[in-house]
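To keep things clear, I will list the structure first and then write my remarks on it.
No lab work stands behind these numbers, since they all come straight from the coordinates. Bear in mind that the values here come from a model prediction, so they are computed numbers and not experimental data. Cβ coordinates were reconstructed from backbone atoms using ideal geometry, including for glycine residues, and neighbour counts include every protein chain displayed.
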Amino acid sequence: MKRFITILLIVLSIFLISSCQSTKVIETTSSAWLEEHMDDGFVTGKTDYVISAMMVNEPYDTYNFLELTDYHVEDDGVSVVLKGTLGEEWVTKLSKVLKSYTKEDGIALSESDLLDNKGTFIPVRAKATPDANFAFFVPKNVIVEVQTAWGDVLYTNKSDTDHGDGDYLVCNNDNGKPDLSDIWVVNGAVFETTYNLNK
């Protein structure tokens, strides 16, 4: 019996050691990751989904639990807070919101729709853009730091929230090539409901 227990402990120890080694966390930058995985990118684009948008009427602070990023917004007439499918909030420019979203019923969204409802989230529908982007899958044991074009620092797979099998680095499709001048992170748990999988 002692011999059986000893063998069982050895087998269990080997299993635990190999499991820990196979889930080693790798940290890198977006430029290094993309250089190594450029051929793994695939064409994708936004699907049709509804989220919420708000222009603030007073200073507003929020924390995006998917990106691990704090946002501070002033009533500046150009910043819009978006609330995603999991309740995560982030900030973008009004011009980008007007280009990327409509009213919930599909009618064009106007600046006055947001200005007239300052301080209140209103539903907006993403304009489906099937082939407008490139995406690069990042397995959940890899943390990639992304310096965004708008000055924020985002991370893949870093929070304790669900990431599915891993997050995605997404950028615009510039005539069949990834435009790496503007990269953002899409959580793997929401990617399949907000982007198409044209792999």
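Structure notes:
- Distance between the pseudo-spin-label points of Asp75 and Thr193 (7 Å out from Cα toward the beta carbon): 3.3 nm.
- Cα-based equivalent ellipsoid of region 50-126: semi-axis lengths in Å, sorted from largest, via gyration tensor: 19, 15, 10
- Compared with the dominant principal axis of the Cα atoms in the chain, helix 2-22 is inclined by about 30°.
- 31 Å Cα-Cα threshold exceeded, pairs from Lys24/Lys99; Lys83/Lys177; Lys118/Lys177; Lys93/Lys177; Lys24/Lys127; Lys127/Lys177: Lys24/Lys99; Lys118/Lys177; Lys24/Lys127
- Sorted from greatest to least, the principal axis extents spanned by the alpha carbons of the chain come out as 77, 38, 30 Å.
- Spin-label zone in region 91-135 - amide nitrogen under 17 Å from a point set 7 Å from the Cα of Glu58 along the C-beta vector: 117-121
- Basic side chains Lys and Arg get +1 at the Cβ, acidic Asp and Glu get -1 at the Cβ, and with that the dipole of region 50-126 about its Cα centre reaches some 380 debye.
- Spin-label proximity, Phe65 to region 161-199 - amide N less than 12 Å from point 7 Å beyond Cα toward beta carbon: 161-162
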